[in-house]
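All remarks here apply to the structure that follows.
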Amino acid sequence: MSKGGQNSFRDLRQPAAQEAPKISFPCPYPLKVVGDATEDFPARVCQVIVRHDPDFDEATMQVIDSRNGRFQSVRVTITATGEQQLKQLFDELKATGLVHMVV
């Protein structure tokens, strides 16, 4: 205990107040898009990304199959220009019906 009988420990049952990290736009922004492994999944992801980042280079895209081949992850780095762009990109990717998660 500290002076005055006050406990200086934080109650770990309560999450510490954390601010979202500040991002300075424009910046490189890595994304991992996970979805069903279909023949056109990477192409569909790429089509959406290009609508939100016209300078995206498809050659930098990495496609990784899951161990059992049921899912694929597409890893890309886009040029993020703002929070609105990222929100619209995430929403459009999820609206494809093929995407399970965007990280």
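Data table
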read-out: Using a Förster distance of 25 Å, the FRET efficiency for S66-R13 (Cβ separation, nearest 0.05); value: 0.10
read-out: Computed accessible area, T79, all protein chains, 1.4 angstrom probe, square angstrom; value: 70 Å²
read-out: Segment H100-R51, length gained on full extension (0.36 nm per residue, minus Cα span); value: 15.7 nm
read-out: Within-11-Å neighbourhood charge of H52 [Cβ basis; K, R +1; D, E -1]; value: -2
read-out: Label-point gap, in nm, between D40 and E92 - each point 7 angstrom along Cα→Cβ; value: 1.7 nm
read-out: Scattering curve values for region 14-103, log₁₀ I(q)/I(0), Debye with Cα scatterers, q = 0.13, 0.19 Å⁻¹; value: -0.45, -0.85
read-out: Accessible surface, region 17-103, averaged per residue in Å² (probe 1.4 Å); value: 67 Å²
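The values are calculated or read from the model by the stated rules, or taken from the named source; none is laboratory data. Quantities reported herein were computed from a predicted structural model and do not represent experimental measurements. Counting neighbours? That spans all protein chains shown, and the Cβs are built from the backbone with ideal geometry, glycine included. Accessible surface is based on the protein model in full, side chains and every heavy atom, while ligands, DNA and RNA are left aside. Shrake-Rupley method; radii C 1.70, N 1.55, O 1.52, S 1.80 Å.
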